[in-house]
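Novice: Can you keep this structure in mind? I'll have questions shortly.
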Amino acid sequence: MSVKIKNFGGRLLWFARKYRSDWVSSVSFPLVAALRTPKINAFIDRFLQKEETPDFQFLMLETVNRCNGKCSFCPANVRDEKREYKRMTEELFSRIIDELVEIRWTGTIFLQVNNEPFLDKRILEFAGEIRRKKPECRICIITNGTMLNVEKLRTLVPLVDELVINDYSEHYRLADHLEEIYRYVKENPAEFEQMEISISRRYSGEILATRAGNAPNKPKKNNRVKAPCIYPFTDLIIFPDGQVGMCCNDCFEVTAFGDVTRDRLRDIWRNEKFTELRKAMRQGREHYPFCVECDVVDAGSREKIIAAQEARRA
């Protein structure tokens, strides 16, 4: 699969996101919502019509709730961080993975939520544990790349199916160490043929989504995106202390949908609180208080993965 560089519209749009980020944000999110809503609604309707609540498709595990980034659009950046420091125990991590084995769950596991995963020195051990116990699951890591080098990248090859590197910068060029990584992978494609690697050029000061009203650089409330959100139907989010959040936009860990130290994953996923959220969400995000100010719209990545999973099962 090798490596590719993503530019999100190329040089022109990158500079538009830098110098007219407010305009790009105000136009792009409603547009994406309009394009995605029919497919999201269709998926939600199929979900709600099932006699038994379908399993979550994506599991996001935050093993430490800290990031070393300074991105002005993210509530978890080092300047705006408000969360109490938490670190998942090895025992809790193993318990979660063992339960996935027990219930024969298959899907995609992300080893981060609102954090930089490589700040946790155990992250490779955790990935290895998943690979040993759940080899049929897809393992994905999303990182800002600041702690990566060629040597560490090579250790990830047998452990991770997909590595997404967001190179947050004020300049339209890759950081030197990421340029080195890119060249190495391009020169040694056979070594990485089982691993999908993408490096995205990102402007660190960009105005993006409101993140449920928590984005530090976007005080304007969402008043244009009313479409349902797919996340409550696809993603199970577990914070380091075992608390389950409603989605990855719960940047300060204030929603509480369950506790995996006490309850089983499927019981949480199918509990009354999630059920009420989904019923409200089908009518639009303005029908659920936490989501009223949120304009995040999945850009189709979940629909693509779900379609691929369904094709494999057919």
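The values are calculated or read from the model by the stated rules, or taken from the named source; none is laboratory data. All values reported here derive from a predicted model rather than from experimental measurement. Positions of Cβ are backbone-derived with ideal geometry, glycine not excepted, and every protein chain shown enters the neighbour counts. Each accessible area value is taken on the protein alone, full model and side chains, heavy atoms only, with ligands, DNA and RNA left out. Shrake-Rupley method; radii C 1.70, N 1.55, O 1.52, S 1.80 Å.
Novice: Give the number of residues within the range 1-33 that are farther than 22 Å from residue 180 by Cα, open to solvent by 40 Å² or more (accessible area, probe 1.4 Å), of a type outside the set (Phe, Trp, Tyr) and touching a residue at least 24 places away in the same chain (Cβ under 8 Å).
Specialist: Final tally of qualifying residues: 4.
Novice: If I go through the range 82-138 residue by residue, how many of them are of a type in the set (Val, Ile, Thr), farther than 21 Å from residue 55 by Cβ and part of a helix (DSSP H, G or I)?
Specialist: Going through the range 82-138 one residue at a time, the tally reaches 1.
Novice: So how many residues does the range 126-158 have that are within 15 Å of residue 93 (Cβ to Cβ), open to solvent by 30 Å² or more (accessible area, probe 1.4 Å) and in contact (Cβ under 8 Å) with a residue 12 or more places away in the chain?
Specialist: Going through the range 126-158 one residue at a time, the tally reaches 2.
Novice: Considering the range 93-123 alone, what residues qualify as being hydrophobic (A, V, I, L, M, F, W, C) and either in contact with an Asp or Glu (Cβ under 6 Å, 6 or more places away or on another chain) or surrounded by 17 or more Cβ atoms within 10 Å (Cβ to Cβ) (or both)?
Specialist: Across the range 93-123, the qualifying residues are 93, 96, 97, 100, 105, 109, 110, 111, 113, 118, 119, 123.
Novice: Can you confirm whether the range 227-240 contains a residue that is modelled with pLDDT under 95, over 19 Å from the mean Cα position of the chain (by Cα) and buried (at least 17 other Cβ atoms within 10 Å of the Cβ)?
Specialist: Yes, the range 227-240 contains at least one residue that is modelled with pLDDT under 95, over 19 Å from the mean Cα position of the chain (by Cα) and buried (at least 17 other Cβ atoms within 10 Å of the Cβ).
Novice: Then there's this: How many residues are in a loop (DSSP other than H, G, I, E, B), within 22 Å of residue 46 (Cβ to Cβ) and out of contact with any helix residue (DSSP H, G or I) (no Cβ under 6 Å at 6 or more places or on another chain) when one looks only at the range 215-245?
Specialist: Going through the range 215-245 one residue at a time, the tally reaches 0.
Novice: Filter the range 212-226 for residues that are touching a residue at least 24 places away in the same chain (Cβ under 8 Å) and either among the small types (Gly, Ala, Ser) or open to solvent by 40 Å² or more (accessible area, probe 1.4 Å) (or both) and give the result.
Specialist: Result: 212, 213, 214, 215, 216, 221, 224, 226.
Novice: Among the residues of the range 287-310 satisfying the criterion of being closer than 18 Å to residue 215 by Cβ and over 18 Å from the mean Cα position of the chain (by Cα), which is most open to solvent (accessible area, probe 1.4 Å)?
Specialist: The qualifying residue most open to solvent (accessible area, probe 1.4 Å) is 289.
Novice: Kindly provide the set of residues from the range 252-286 that are of a type in the set (Val, Ile, Thr), buried (at least 18 other Cβ atoms within 10 Å of the Cβ) and either more than 20 Å from the chain's Cα centre (by Cα) or in a helix (DSSP H, G or I) (or both), ordered by number.
Specialist: Result: 268, single match.
Novice: How about the range 2-59: which of its residues are aromatic (Phe, Trp, Tyr) and either touching an Asp or Glu at 6+ places or on another chain (Cβ under 6 Å) or farther than 23 Å from residue 200 by Cβ (or both)?
Specialist: Once the filter is applied, which keeps residues that are aromatic (Phe, Trp, Tyr) and either touching an Asp or Glu at 6+ places or on another chain (Cβ under 6 Å) or farther than 23 Å from residue 200 by Cβ (or both), the range 2-59 yields 29, 43, 47, 56, 58.
Novice: Against the conditions (1) exposed (fewer than 15 other Cβ atoms within 10 Å of the Cβ); (2) in contact with a strand residue (DSSP E or B) (Cβ under 8 Å, 6 or more places away or on another chain), where does residue 61 fall short? Just the number, please.
Specialist: Just one mismatch for residue 61, condition (1).
Novice: Give the range 151-177 a look and list any residue that's assigned to a helix (DSSP H, G or I), among the hydrophobic types (A, V, I, L, M, F, W, C) and closer than 16 Å to residue 4 by Cα, or say none.
Specialist: Residue satisfying the conditions is 153 alone.
Novice: A further question on this structure: For the range 84-107, which residues satisfy the criterion of being under 13 Å from residue 261 (Cβ atoms) and either out of contact with any Phe, Trp or Tyr (no Cβ under 7 Å at 6 or more places or on another chain) or touching a residue at least 60 places away in the same chain (Cβ under 8 Å) (or both)?
Specialist: Kept after step one, since they are under 13 Å from residue 261 (Cβ atoms), are these residues of the range 84-107: 86, 88-89, 91-96, 99.
Residues satisfying the conditions are 86, 88, 89, 91, 92, 94, 95, 96, 99.
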